[in-house]
Amino acid sequence: MAFFPPPLQNKPPTKPGVGMNDWARYVKANPLETIVAEEGRTAWKRVEIVVRDDWMMLQSIHSSDIVNSSPTAARCKIQHHRAPDEYCTCGWYGFYDRFHPQLVPFLSSQPLMEVYLQGKLIEHEEGVRGEWQTPLGIYLDHPNHNNGLIGVFLTSYNQQYFSVEQFINDIDIPVNVGGKWMY
Amino acid sequence: MAQIGVPKRIIETPQPIFIPSTVPIEWPESVPDPMVQPAEPVRTPELVPA
């Protein structure tokens, strides 16, 4: 007699808010209230420095979307609706706390960035999802980042060294190096 | 996927304002403007049977 594994419905239920599809289940059980505000809010996130042949750009480490210096709209790649949606996981992500454990510096090619989220916002317990994202500044706080005049980036894909000046020239976003702003 | 907890509420805030550039776009002389119609229609040379 052959052995067949149990169907997926026999999996134990996960805690609400842990899995991706549990957000829709949670929102159906607890409908969200909608309020209108005059201004958006700032949040913190990690970005990835992607090195091309002779220039650099930024990507979101969670969605792999390119981060521009200008306001950029989020788009849902799953259901193609307005992002973010309360029954989906799309949108620009950000954490309230700058010292959140999920934002600890791990790679020197993943600096911390403060963003300004506008449009439709969905507030979560520890973070927020937004429709429009505008980068405010990048904080080079990793120990591999040189705290002096010439910073060093050790990228994860091809290990090369770049200067902060070239980084600022390519991404066009203010950079905070050791508490000093560089434009 | 970042774990940011369960959703709590929805906030509708105004969209970002895009200020258009006041510098007019200079169209080079060598390239004809497609929005301006030519004064005379361009006539193709007639085919003469040999």
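Numbers below:
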{"item": "Residue mean of other protein chain beta carbons inside 10 Å, A:118-130", "result": "5"}
{"item": "Accessible area buried at the A-B interface, both sides summed, 1.4 Å probe (Å², nearest 100)", "result": "2900 Å²"}
{"item": "With all protein chains modelled, accessible area of A:Thr72 [1.4 Å, Å²]", "result": "30 Å²"}
{"item": "The range A:22-182: Rg to Rh, with Rh as the Kirkwood radius over Cα pairs", "result": "1.00"}
{"item": "Computed lengthening from A:Ser163 to A:Asp22, 0.36 nm per intervening residue step minus Cα-Cα distance", "result": "46.4 nm"}
{"item": "Apportionment of accessible area to carbon and sulfur, the range A:22-182, percent (1.4 Å)", "result": "51 percent"}
{"item": "Peptide B:12-20, shielding by other chains (average Cβ, 10 Å cutoff)", "result": "6"}
{"item": "Derived scalar couplings ³J(HN,Hα) [the range A:121-131; Karplus, 6.51 cos²θ - 1.76 cosθ + 1.60; whole Hz; x for Gly, Pro]", "result": "10, 10, 7, 10, 5, 10, x, 9, 10, x, 8"}
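The values are calculated or read from the model by the stated rules, or taken from the named source; none is laboratory data. Note that the structure is predicted; figures quoted are calculated from it, not measured. Here the Cβ is made from the backbone with ideal geometry for all residues, glycine too, and neighbour counts use every protein chain on show. The area values use the complete protein model at the heavy-atom level, side chains included, leaving out ligands, DNA and RNA. Shrake-Rupley method; radii C 1.70, N 1.55, O 1.52, S 1.80 Å.
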